[in-house]
Amino acid sequence: MIYRFFVPALIVMVGACGASPKAAFYTLSPEATLQPAANVRPVRVTVGPVTVPDLVDKPQMITRTMPNEVTVNEYARWGEPLKENIARTLAADLSRVLGVDNVSIYPPSADIKTYQLRVDVMHFESVIDDSVTLDALWSLRAPDGVSHFDGHTLVHENTKGDGFAAIAAAHSRALAQMSRQIAAALGEMRQ
C-alpha cells in the first residue's frame, strides 16, 4: 500500500531534478550614443592586447557579493572571451568617437603604421542590481614607436536595471567613457 504513494512521488521528484536552468549569454556592446569628437583628424588605431584579471577571465560572469566574496554564476556567461569582447567594443567605440573606420584589433597589420593601444584592466567588478567598476591602465604608442601617452580610467557605473543584462550594459557604458578619454589623449598626442 505504501508503494502506491511512494513510487509516484519518487517519479515526480526525479523528474523535477532533471530540469536544469538554461544558460544565458551576454556581450559588451558599442555605445550607440557616442558622437565624433570635434576637430578630429583621421588616424589609424590598433586596439590590443587587452589583459583582464584572472578572477574574471572566465566564461562565467563573476559578481561581487561582499567585500571579500564573489559568486561564479554558472548560468550567466560571456558570449566570447572577455578580453576579446573588451577589445572589440573599445575598437567600435573609438571608431565612433574618432569618426573613422580604421580602428582595428590586435595584432596590427605589419605594413600599416598605427597608434597602438594597450589596455591592462585592473578591476572589472560587477555587483548585481547595483553597479559596475572598470579600473584600467592604458597606453598609446605612436607609429614612430617613441612617443607615448599613459592613461588611467576609473569608472563606476550604475546598472540602471536588474540582472546580468544590466551588468553587461553598464560595463559597455564604462568602456564608452574610457574611449572618450583615449580619444582625447590621441588628440593631445597629435598636436
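The values are calculated or read from the model by the stated rules, or taken from the named source; none is laboratory data. Because the structure is predicted, anything quoted here is derived from the model rather than measured. Every residue, glycine among them, receives a Cβ derived from its backbone with ideal geometry; neighbour counts consider all protein chains shown. Side chains are part of the model used for accessible areas, which takes the heavy atoms of the whole protein and leaves out ligands, DNA and RNA. Shrake-Rupley method; radii C 1.70, N 1.55, O 1.52, S 1.80 Å.
For the chain, the longest principal axis of the alpha carbon atoms and the long axis of helix 2-18 meet at an angle near 10°.
Here r is the Cβ-Cβ distance between Asp162 and Ala142 and R0 is 45 Å; the resulting FRET efficiency, rounded to 0.05, is 0.55. Tally Lys/Arg at +1 and Asp/Glu at -1 over every other residue whose Cβ is under 11 Å from the Cβ of Asp93; what's the total? Residues close to Asp93 contribute a combined charge of +3.
At 1.4 Å probe radius, can you tell me the per residue accessible area of the chain in Å²? Per-residue value: 57 Å².
Across all Cα pairs in the stretch 137-181, the calculated P(r) in 5 Å bins from zero up to the longest distance comes to 5, 20, 20, 16, 13, 10, 7, 5, 3, 0 percent per bin. Note on the stretch 25-66: semi-axes of the ellipsoid equivalent to its C-alpha gyration tensor, largest first and rounded to whole Å, are 31, 15, 10.
All other residues whose Cβ lies under 12 angstrom from that of Val132 are scored, Lys and Arg at +1 and Asp and Glu at -1, for a net of -2.
When the chain is treated as a Gaussian network with alpha carbon springs shorter than 10 Å, the biggest mean-square fluctuation among Ala169, Ala24, Ala76 belongs to Ala24.
Once the other residues with Cβ under 15 Å from the Cβ of Pro42 are scored (Lys, Arg +1; Asp, Glu -1), what is the net sum?
+4
Read through the labelled values [x] -0.45, -1.01, -1.10, -1.30; [y] -0.40, -0.88, -0.97, -1.15; [z] -0.34, -1.00, -1.14, -1.41 and report the label of the one computed as log10 I(q)/I(0) by the Debye sum over Cα atoms at q = 0.09, 0.15, 0.16, 0.18 Å⁻¹ from the structure. It is the one labelled [y]. Net charge dipole, the chain: roughly 400 debye, given to the nearest 20, about the Cα centre with Cβ charges of +1 for Lys and Arg and -1 for Asp and Glu. For the residues Lys22, Lys113, Lys160, a GNM of the chain with alpha-carbon springs under 10 Å puts the largest fluctuation on Lys22. The C-alpha atoms of the chain define a longest principal axis, and helix 82-98 lies at about 40 degrees to it. Taking a ≥ b ≥ c as the square roots of the eigenvalues of the Cα gyration tensor, the stretch 88-178 is prolate, since a/c reaches 1.5 or more and a/b is larger than b/c.
Between Ile105 and Gln35, the modelled labels are 3.0 nm apart [label points 7 Å from Cα along Cα→Cβ].
For the stretch 64-129, with equal point scatterers placed on the C-alpha atoms only and solvent neglected, what are the log10 I(q)/I(0) values from the Debye formula at q = 0.13, 0.16, 0.18, 0.26 1/Å, to two decimals? Debye curve over Cα of the stretch 64-129, log10 I(q)/I(0) at q = 0.13, 0.16, 0.18, 0.26 Å⁻¹: -0.54, -0.73, -0.84, -1.26.
The C-alpha atoms of the chain define a longest principal axis, and helix 163-189 lies at about 10 degrees to it.
Under a Gaussian network description of the chain, with springs only between Cα atoms under 10 Å, the residue in Gln35, Gln60, Gln116 that fluctuates furthest is Gln35.
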